[in-house]
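Asker: Quick one: structure below, then a few questions.
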Amino acid sequence: MSDGAGRRTFLKTLAAGSVVAAFGCDSKRAEQLADQAVPAGIDPSELNWGKAPCRFCGTGCGVEVGVHKGRAVAVRGDEKSPVNKGLLCVKGYHLPGFLYGKDRLTHPLRRQPDGSYQKISWDAALDLIAEKYGAALDDHGPDAVSIYGSGQWTVFDGYAALKWIKGGMRSNNLEPNARLCMASAVMGFMTQFQSDEPMGCYDDIELTDDIVLWGHNAAEMHPVLYSRMLEAKRKRPTMRIIDLGTRRTPTSDYADVYIEFRPGSDLAIANGILYLMLKNGDFDKAFIDKHVVFMRGIEDVDEIGYGCFGDQAERYTFKDKGRRSNIDELRTFLADYTPEKVSAISGVPVAQIELLAKIYGDSSRNTLSTWCMGVNQHYRGTWMNNLITNLHLVTGKICKPGSNPFSMTGQPSACGTAREVGTLCNRLPADMLVTKPEHRAKCEKAWGLKPGTIPSKVGYHTMDLFRAWTRGDVKVMWVQVTNPWQTIPNLDRIGRNWKDDQFLVVSEIYPTVTSAVADLILPSAAWIEREGVFGNSERRTQQWNQLVAPPGEAKEDAWQIIEVAKRMNMGHLFPYTDDNWHEEMYEEYRSLGLGTGKDLASYEQLRGARGLRWPVVDGKETRYRYTAGHDPYVKKDDVHFYKAKKYGEKAAFWLRPYHAPPEEPDKDFPFWLCTGRVLEHWHTGTMTRRIKELHQAVPSAYVEMNPADATALGCSEGDVVRLKSRRGELDLSVVTRGRGRPPRGSVFVPFFDEGRLINRLTLDSMCNISKEPDYKKCAVSIERV
Amino acid sequence: MRCQHRARLTLALLVCTAACGNSERSANGVASKSAAHVRAERRAYDGAPPVIPHDVFSANCTACHNEKGLLVPGVGFAPNMPHAKTVGVGKQARCTQCHVYRKTEETFRDSLFAGLHQDLRKGRRHHVFAPPVMPHATLMRENCQACHTGPAAREEIRCRHPERTRCTQCHMERTTTTEFPPAVRRTD
C-alpha cells in the first residue's frame, strides 16, 4: 500500500464508527482507503460455493461453504435448505475454522516403547492393523475384536465398518457413541412401533399449538430448531412453549411455562398426566381401539437393577419380557399416580401437573412433545420414551401434522449412520437384527456371503465393551470419530493398562485424550475434505461432495477400513470401482431397505437435493410416517402402524412405573450433578475449541451453581471449588450468574473440557433396556479449595 | 472485570481516535488499531456474525441496538441491527445464538484458518455508471441502513443517498450460487 500514514490514519478515523463523518464517499477516495493490517482482500465472486450439512448437531442445517484456492474461507446458511432456511447458530457460522487447527494430524503415528509417537507410512500402518486384528481373531476368536465408532460417521464409514466386522470378521462387537446418546430413543420406537425413528418431522413446529420440551435445552443444543419455535410463536401468539427441566436454561427463559422437577421424577409426571387424562375422560377411545395394544414388562427393581452395582458393574444384560395388558390393568396401575403423590415425588405443584394433563388432553389443540438427552440419558430412558409416546397414543395425537412425539438427535448422523445403517452390536441395516435368521440371510444374500456368515450372538454394548476392554477380554479396538476416554461415565474405570496383547487404533483429526492412549493414530479427512452422507433427526438424508483436499496424508475413515479389510483377504466385501465407490456402496446399502418402509432416496437424487426424508418412494419424500396421504405404504384411510407385526400392526402402549434414581444426594454427597453441552461447543470440544471465537466465548468448564448454595458454601463467582463423587474429584470455578440456573442442591458441569474431565465423577448406571448411560444424575459433595 | 475494562477501553479509543483525527496514537498513548483491523478481528470472515466487543451491559440487547442505534456517551455507538424484524425483537431475540462474548484473549491451539475478508473498496458493477452489485446475500441483512448509513457505516460502503430507501430497486442481490464442481474423485 502506497498511501502515507497520515491519510491512512485519517481514513481509519472516518471508518471507525465515529460520529464525525459526513455522509457521502466518492469512489476514488474509497479506493484510496488502505490498511496494511487487514489481509489482502478476496473478491467474493472468486469463491466456489458447495452445499453440505453442518458437521455438528443432529438438526442437520444446510450450509454453503465458500472455497477459495482450495481452502474453505466462509460459510453461509443455505436458504434452499428446508431445515434452517438460511439461518445457522454460532457453531455453524464458524464451521470452516475447525479444519485448520495448526495441530491437525497429517501422518499415521505409531507409539514407541518410550511413549513417543513416530511417523510411519500408510502401508505400514494398515499392515499393522490387519496383523493385529488377524492375530486376535486367530488367538482369541471374534469376541476379542471390536470397532467403536460414532453418530458422526458418514453412512460410508458406518456401512464399511458394519460389513467388515459382521460380514468379514464375523463379530458383532460394533458400537457407536450413539449408544451414549440415542439408544433409548431407538428402543423406545422399536418397542412401540417395531421400527426406529420418529413419525413426524420439523414441519410440526410450525403446525402445532403446544410444544412440550421434556428435559432438553433446545435453545442451546438445537438452536436453529428453537429459533423456528420462537418464530412460529411470534407469528401465532396462541402457541405455547412448555419447558420441563431440572434447571432453568436459556430455553426456559423463552418458554411460556417452566416446570421444574426432581431428577428422575419425569417417570412419575408422565404417569400422573395419564392418570388425570384417564380420570377426565380425555382418552381417545376410538383411536385406542383401532390402533393401540397394551403391554407390560418387568418392573421389579431388584431384578432390573441399574447396571452399575454388584455383578452388573462388569456385565449388564438385563432383557425385558413383555406380556399383553389392557386398559383395566392400566387404571389400577395408574392409581399410584394421583397428582398429590406425583407432586410429592417430583416437587412439581399439582396445578402444573393438571396443566400438563389439560394440554395433552385438549383434543382441540395440536401437541408436539420433543426430547433429547434428558430423557435418553436416563436410568429408565426407554421407559421415559415409552411414556411420552403413550401420552400421544391414548389421545390419538400422533401421525398428525402438528401432533407427534419427536425425539431430537444429538449427532449429525446418529440417525443416518448409527440407527439406519445399524452400527450397533445387535443390528443390521434398515431395522434388521442379527438375532433374526431372516434378517441375517437377507444381508448375506445382498453381500454375496455364504449363509451363516453373520453371527447371531449379540456383541458387547458400549458400556460392557469398555469394561471388557479394561478386563483385557477385548484385544483390539479401533476408535473412529469419537473420544471415549473423555466421554465414558465413571471414566477412571477404563484407564489404559498398556498390556502387551492389547492394541488400540484411533482415527482422528486432532490429538485428543483418546489418541493419547492409542498404539496407532491415523489421520482422518473431515467433513468436506471427503464425500459424505449424513441423516438428521427428521429422517432427512443429505449428501455432499468433497470440496477441499484433506491435509497431508489424511484419508477418510471408510477408506481406512476398506484398505485394512483388503489386507485381511476380505476385499470381496467391497467390490466397487475406484472412481465411483461412494455411489456404488450407497446404492448397495440402499437396496437393503427398499420396499420395507425404510426406502432411501437414490444417490443421484440426493446429489441435487437439500436432503430428502425417507421413506422416499417414486422420488417423493415422506413427511409423516404411518399416515394416509403421506406415507406411500399406508393404504388404509387414516393411520396404519404397518411395521409393528408383533402387535398386529398396532402401536404398543407400555405400562412403565416410576423407579427412584440409582444414586441420590445424601449427607456425604448432598448435591445432584448434571452434565451436558453448551451452545458454543460440540461434544468433547476437539473441533470447536480450535475455533478462536468459540473457545474465547467459553474457554473452560465450570460448575454452575445456585447463588444461595454458593453463599452457604462461602464462595462466590469465580472461586474454585472441589467436586467429589464416590468415583472421582475435580476442581472447577463457580458460576452463579451463568446462562443456566440450577435449583438449590443441584449443579451443572459441561463435559467439553479435556483439561477438566467431569466424567471421572459420573456414575455408570444405565437404562435397563437400551443400555444408554445416565449422565444427568449422580451425587457429589462440594468444598472450597 | 478485566474483560469489561478492555471492551470499554476499545470503544473509548475508537471514539477518541475519531475525535483526535490525524494521530496513530490516542491521547493516553496506547496504540490504537485501525477500524478495518478491528472489524476483521471481530469476525471470522466477512459474513460471519461478529463477536460482541463489550461485556454484558443488559440482558436485552435491543435496548441499545434498537431501530436507530444508540450513542452511549463515553462508550461508543451501539449500531442498529441489520436483521429484519421478523427474526425476533426484544425479549424474544436469541442474539447470543450467533453472537458470543469474549471471555479471554487466549486461544486453545494455534490456527491456520484464514477467512474471507473482501476488499471493501472494490465493489462490482456492470459498467462504470451502473449501481454496485451486492456482494452478499440479504438474509439476516435485510436492513441495509444498519451498515450502509449512519454513524456505524464504514467509509468504504457508506451510502451517498440514504434518503432513498428502496435499495433493491437498483442494487441487485447476487442470487445465483456457483455450484461446486462435481465431486473430486480420489486417485489413490
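Asker: List the equivalent ellipsoid semi-axes of the range A:732-772 in whole Å, largest first, each obtained as the square root of 5λ for an eigenvalue λ of the Cα gyration tensor. List each step's numbers first, then the result.
Answerer: Details: eigenvalues 115, 47, 16 Å².
Equivalent ellipsoid semi-axes, largest first: 24, 15, 9 Å.
Asker: In sequence order, what are the phi-derived ³J(HN,Hα) couplings for the range A:536-546 according to the Karplus relation 6.51 cos²θ - 1.76 cosθ + 1.60 with θ = phi - 60°, rounded to whole Hz, with x for glycine and proline?
Answerer: 9, 4, 9, 6, 8, 8, 10, 10, 9, 9, 5
Asker: Kirkwood-based Rg over Rh for the range A:80-141 (C-alpha set), two decimals? Don't skip to the end; give the middle numbers.
Answerer: Working: Rg = 20.3 Å, Rh = 15.9 Å.
That ratio equals 1.27.
Asker: Which three lengths, in whole Å and largest first, does the range A:242-315 cover when its Cα atoms are put on their principal axes?
Answerer: 44, 40, 19
Asker: Give me A:HIS107, B:HIS127 ranked fewest to most by other Cβ atoms within 10 Å of their Cβ, as a rough exposure proxy. Mind dumping the intermediate values first?
Answerer: Values: A:HIS107 18, B:HIS127 5.
By the 10 Å Cβ count, ascending: B:HIS127, A:HIS107.
Asker: Students often forget the sequence filter, so: which lysines lie under 29 Å Cα-Cα from A:LYS279 once same-chain residues fewer than 8 apart are removed?
Answerer: A:LYS290, A:LYS321, A:LYS341, A:LYS358, A:LYS397, A:LYS400, A:LYS650
Asker: Local charge sum around A:ALA268 (other residues, Cβ-Cβ under 12 Å, Lys/Arg +1, Asp/Glu -1)? Can you show the working numbers first?
Answerer: Values: positive: A:ARG262, A:LYS341, A:ARG380, A:ARG656; negative: A:ASP266, A:ASP336, A:GLU340.
It works out to a net charge of +1.
Asker: While we're on this one: Explain nothing, just compute: Karplus ³J(HN,Hα) = 6.51 cos²θ - 1.76 cosθ + 1.60, θ = phi - 60°, for every residue of the range B:60-67 in order, whole Hz, x for Gly and Pro.
Answerer: 9, 4, 6, 4, 9, 7, 9, 4
Asker: Only counting other Cβ atoms within 10 Å, I'd like A:MET295, A:MET463, A:MET187 sorted with the fewest neighbours first. Each step should come with its number before you reach the end.
Answerer: On the way: A:MET295 21, A:MET463 27, A:MET187 24.
In increasing order of surrounding Cβ atoms, one gets A:MET295, A:MET187, A:MET463.
Asker: Once you have a ≥ b ≥ c as the square roots of the Cα gyration tensor eigenvalues for chain A, tell me rounded if a/c is under 1.5, and otherwise prolate or oblate according to whether a/b is larger than b/c. Mind showing how you got there, number by number?
Answerer: Details: a/c = 1.32, a/b = 1.13, b/c = 1.17.
Here chain A falls in the rounded category.
Asker: Using the reciprocal of the averaged 1/r over all distinct C-alpha pairs, how large is the Kirkwood radius of the range A:671-762 in Å?
Answerer: So the Kirkwood estimate lands at 13.4 Å.
Asker: Rounded, prolate or oblate for the range A:44-99? Axes are the square roots of the Cα gyration tensor eigenvalues, ordered a ≥ b ≥ c, and the cut-off for rounded is a/c under 1.5.
Answerer: Working: a/c = 2.28, a/b = 1.46, b/c = 1.56.
Judged from the Cα gyration tensor, the range A:44-99 comes out oblate (a/c at least 1.5, b/c at or above a/b).
Asker: A:ALA232: net charge of surrounding residues, Cβ under 15 Å, Lys/Arg +1, Asp/Glu -1, itself excluded? Before the final figure, lay out the partial values.
Answerer: Numbers: positive: A:LYS85, A:ARG228, A:LYS233, A:ARG234, A:LYS235, A:ARG236, A:ARG240, A:ARG365, B:ARG94; negative: A:ASP203, A:ASP204, A:GLU206, A:ASP209, A:ASP210, A:GLU231, A:ASP256.
Cβ neighbours under 15 Å give a net charge of +2.
Asker: Continuing with the same structure: May I ask you to list the residues of the range B:92-127 whose amide nitrogen lies under 15 Å from a point 7 Å from Cα along the Cα→beta-carbon direction of A:ALA516?
Answerer: Zone members listed by number: B:109.
Asker: If packing is taken as the mean number of other Cβ atoms within 10 Å per residue, what is the order of A:240-251, A:124-135, highest first? List each step's numbers first, then the result.
Answerer: Working: A:240-251: 22.2, A:124-135: 19.2.
Sorting A:240-251, A:124-135 by mean packing, highest first, produces A:240-251, A:124-135.
Asker: A further question on this structure: Hey, what does the equivalent ellipsoid look like for the range A:311-417, semi-axes from the Cα gyration tensor as sqrt of 5 times each eigenvalue, largest first, whole Å?
Answerer: On the way: eigenvalues 128, 94, 52 Å².
Rounded to whole Å, the semi-axes are 25, 22, 16.
Asker: Taking 7 Å along the Cα-to-C-beta vector as the label spot, tell me the B:LEU71-A:LEU713 distance in nanometres, rounded to one decimal.
Answerer: Placing both labels 7 Å along Cα→Cβ, they lie 4.7 nm apart.
Asker: Count, for each residue of A:71-78, the Cβ atoms from other chains sitting within 10 Å of its Cβ, then give me the mean as a whole number. Can you show the working numbers first?
Answerer: On the way: counts 5, 5, 9, 10, 6, 8, 4, 1.
Per residue, the average neighbour count from other chains is 6.
Asker: Okay, next question. Against the empirical 2.2 N^0.38 Å scaling, what ratio does the C-alpha Rg of the range A:474-573 come to? Intermediate results must be reported in sequence, preceding the final value.
Answerer: Numbers: Rg = 15.7 Å, N = 100, 2.2 N^0.38 = 12.7 Å.
Expressed relative to 2.2 N^0.38 Å, the Cα Rg reads 1.24.
Asker: What's the exposure ranking of A:TRP478, A:TRP122, A:TRP614, going from fewest to most Cβ atoms within 10 Å? Numbers along the way, then the final one.
Answerer: Numbers: A:TRP478 27, A:TRP122 17, A:TRP614 24.
By the 10 Å Cβ count, ascending, the order reads A:TRP122, A:TRP614, A:TRP478.
Asker: Given C-alpha coordinates of the range A:245-398, what is the ratio Rg to Rh with the Kirkwood estimate of Rh? The partial results should precede the final answer.
Answerer: Values: Rg = 16.4 Å, Rh = 16.8 Å.
Ratio of gyration radius to Kirkwood radius for the range A:245-398: 0.97.
Asker: A further question follows. How big is the Cα convex hull of the range B:44-84 in projection, averaged over all directions, in nm²?
Answerer: Numbers: hull surface 14.3 nm².
Mean shadow area of the hull around the Cα atoms is 3.6 nm².
Asker: State whether the range A:622-683 is rounded, prolate or oblate according to the following rule on the C-alpha gyration tensor (a ≥ b ≥ c being the square roots of its eigenvalues): a/c under 1.5 gives rounded; otherwise a/b larger than b/c gives prolate, and the remaining case gives oblate.
Answerer: Oblate is the answer for the range A:622-683, as a/c is 1.5 or above yet b/c matches or exceeds a/b.
Asker: What full-extension length gain, to one decimal in nm, is calculated for A:VAL301 and A:ALA286 as 0.36 nm per residue of separation minus the Cα-Cα distance?
Answerer: So the extension gain works out to 2.0 nm.
Asker: OK, next. How large is the Kirkwood hydrodynamic radius of the range A:510-639, counting all unique pairs of alpha carbons, in Å?
Answerer: On the way: mean 1/r = 0.0583 Å⁻¹.
After inverting the pairwise mean of 1/r, the radius is 17.2 Å.
Asker: Stick to Cα atoms and the Kirkwood definition of Rh, then tell me Rg/Rh for the range A:31-177.
Answerer: Details: Rg = 21.8 Å, Rh = 19.5 Å.
Result for the range A:31-177 is an Rg/Rh of 1.11.
Asker: Work from the charge dipole of chain A (Cβ charges, +1 for Lys and Arg, -1 for Asp and Glu, about the Cα centre) and give the residue of A:ILE165, A:GLN377, A:VAL293 farthest towards its positive end.
Answerer: Toward the positive end, the furthest listed residue is A:VAL293.
Asker: Please report the base-10 log of the normalised intensity I(q)/I(0) for the range A:611-759, using a Debye sum with one equal scatterer per alpha carbon and no solvent, at each q in 0.10, 0.11, 0.17 (1/Å).
Answerer: -0.63, -0.69, -0.91
Only the coordinates and a few stated rules stand behind these numbers; no lab work does. Just so you know, these numbers come straight off a predicted model, no measurement behind them. Every residue, glycine as well, gets a Cβ built from its backbone with ideal geometry; the counts of neighbours run over all protein chains shown.
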